[in-house]
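Let me begin by presenting the structure, written as structure tokens, before commenting on it.
Bear in mind these aren't lab numbers, they're just calculated from the coordinates by the rules spelled out. Remember, it's a predicted structure, so these values are computed and weren't measured experimentally. Cβ placement follows ideal geometry from the backbone for every residue including glycine, while neighbour counts extend to all protein chains displayed.
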Amino acid sequence: MERTNFQLAELIYLVQGDEWYDLHSGYKFTGLQYDPRSQGVVLSWARGRWGGPSQPAKLALRFSGVDHFSVHPRDPELPYTEDTSLAEVAYLSPEDLSENELGRMGMEEQATDQSFLIFHFQSEQKIVVRSQQVSLHVFEQPAEV
């Protein structure tokens, strides 16, 4: 998976140039779009109350050439507000990905061509994507997305 314009850091940050975007504290997950015709997935975040006013209003990760996309169940005992809070994001090798076990074992900040990108939320819900390419898009105003 080729990252075109960002890096992952410390399991919660997207880094673009000198800017660090905290997906755990500074942003709230707002949704996903999947377009099977174009093999595309978009994951979106909006600045949360802990995000500073100088931070962009919205972030979007756009995946192209998607060959795997899955959403794994949340813990029904946890409040739905936990669905918006990212616990961690990392790469997972194909060997570590299984339908029954999506734990922290094998999570990496560096990718290989076959790596899956896993988004693990506080609600225990997980979104897993593997694609040819992923890029970060930054929006200063909410209406730009």
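Pull up all non-local amide H partners of GLN125: gap of 5 or more, or a different chain, and H-to-H distance under 5 Å with H placed in the peptide plane. Distant-sequence amide H within range of GLN125: ASP75. Amide H contacts for GLY48 (H built 1.01 Å from N in the peptide plane; partners 5 or more residues away or on another chain; cut-off under 5 Å): TYR27, LYS28. Each residue of the range 35-43 was assigned a 3J(HN,Hα) from its phi angle through the Karplus expression (A = 6.51, B = -1.76, C = 1.60, θ = phi - 60°), giving 10, x, 5, 9, 6, x, 10, 10, 10 Hz with x at Gly and Pro. When TYR13, TYR80, TYR91, TYR27 are arranged by Cβ crowding within 10 Å, least crowded first, meaning fewest neighbours, the order is TYR80, TYR13, TYR91, TYR27.
Per-residue 3J(HN,Hα) values for the range 76-84, derived from phi via the Karplus relation 6.51 cos²θ - 1.76 cosθ + 1.60 with θ = phi - 60°, read x, 7, 8, x, 5, 4, 6, 5, 8 Hz in sequence order (x marks Gly and Pro). For trypsin sites (Lys or Arg not before Pro), the sites in the range 1-90 that DSSP calls loop and that have at most 13 other Cβ atoms within 10 Å are ARG37, ARG49.
Each listed q (0.13, 0.15, 0.18, 0.19 Å⁻¹) maps to a log10 I(q)/I(0) for the range 2-144 from the Debye sum over equal C-alpha point scatterers, namely -0.54, -0.73, -1.08, -1.21. For the range 1-23, the residues whose amide N sits under 14 Å from a probe point set 7 Å from the Cα of SER54 along the beta carbon direction are 18-21.
Net length available on complete extension from LEU32 to SER70 is 12.5 nm, with 0.36 nm assigned per residue and the Cα-Cα distance removed. The simple Förster model, with R0 at 25 Å and r as the Cβ-Cβ distance, assigns TYR80 and GLN16 a FRET efficiency of 0.25. Couplings for the range 53-65, taken from phi via the Karplus curve 6.51 cos²θ - 1.76 cosθ + 1.60 with θ = phi - 60°, read x, 7, 6, x, 5, 9, 10, 9, 9, 10, 9, 10, x Hz in order; Gly and Pro are left as x.
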